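A short write-up of the structure that comes next.
The values are calculated or read from the model by the stated rules, or taken from the named source; none is laboratory data. Note that this is a predicted model, so its numbers are computed, not measured. Positions of Cβ are backbone-derived with ideal geometry, glycine not excepted, and every protein chain shown enters the neighbour counts. Surface accessibility is based on the protein's heavy atoms, side chains included, excluding ligands, DNA and RNA. Shrake-Rupley method; radii C 1.70, N 1.55, O 1.52, S 1.80 Å.
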Amino acid sequence: MSLFATGVTVLSVGGEHIHGMTANAFTSVSLDPPSVLCCVAHSAVMHKAITSAGHFGVSIMEAGQEGLARFFADKQRPLGPTQFTGVDWTPGPQTGAPLLNGSLAWLECELSAAYDVGDHAVFIGDVVGASRSDGEDGLLFFSGAFQRADSPSR
């Protein structure tokens, strides 16, 4: 699967179980109504956070945010509110989930379904809020490394 290029996101949950996690198992499910899915290991802190909160945020990472993507992928980082110290973020207006400033786009989702598949859960979220930045270049993960996805000339 390392030969399948994926976009990079940071999933987040605010409130009592505030948490962030880098994820590349993320995709659009439906445009009408808008919904997305993300896959999270049962053993991940994010699994309990999404299940408990019933909602989540998604920051679609810009090419220059590799450092943030690495930080939220690091299992040694502090947990709870401390992991957001020094991170530039804004609480989502619909869910309160931390949305990382400087990202290409942001989604806020209400959890509508969850399916256990092997060692992961597939979470389906109905999009309740979305916005985008003026950024153009995305962050990809391909062949075990972060890559830059340059936008086509406009």
**Report entry** Cα gyration tensor of the stretch 19-60 - equivalent ellipsoid semi-axes, whole Å, descending
**Finding:** 19, 12, 9
Query raised in the report: Rounded to the nearest 10 Å², what accessible area does residue 51 show when all protein chains are kept and the probe is 1.4 Å?
Result: 80 Å²
Report summary line: For 46, 21, the accessible-area ranking with a 1.4 Å probe, largest leading, is 21, 46
Report task. Mind putting a number on the dipole of the chain about its Cα centre? Charges go on the C-beta only, +1 for Lys and Arg and -1 for Asp and Glu, and I need it in Debye to the nearest 20. Result -> 300 debye
Query - the chain, relative contact order in percent, only Cα pairs under 8 angstrom and at least six apart counted - result: 29 percent
**Report entry** Percent carbon-and-sulfur accessible area, the chain, ignoring ligands, DNA and RNA, probe 1.4 Å
**Finding:** 55 percent
Query raised in the report: Heavy-atom accessible area per residue, the stretch 75-126, 1.4 Å probe: how many Å²?
Result: 53 Å²
**Report entry** Size-normalised alpha-carbon gyration radius of the chain, reference 2.2 N^0.38 Å
**Finding:** 0.97
Query - Inverse of mean 1/r across different Cα pairs in the stretch 35-96, Kirkwood, Å - result: 13.4 Å
Query raised in the report: Per-residue ellipticity at 222 nm for the chain, helices alone: DSSP H runs ≥ 4 residues times -39500 (n - 2.57), over residue total, nearest 500 deg cm²/dmol?
Result: -3000 deg cm²/dmol
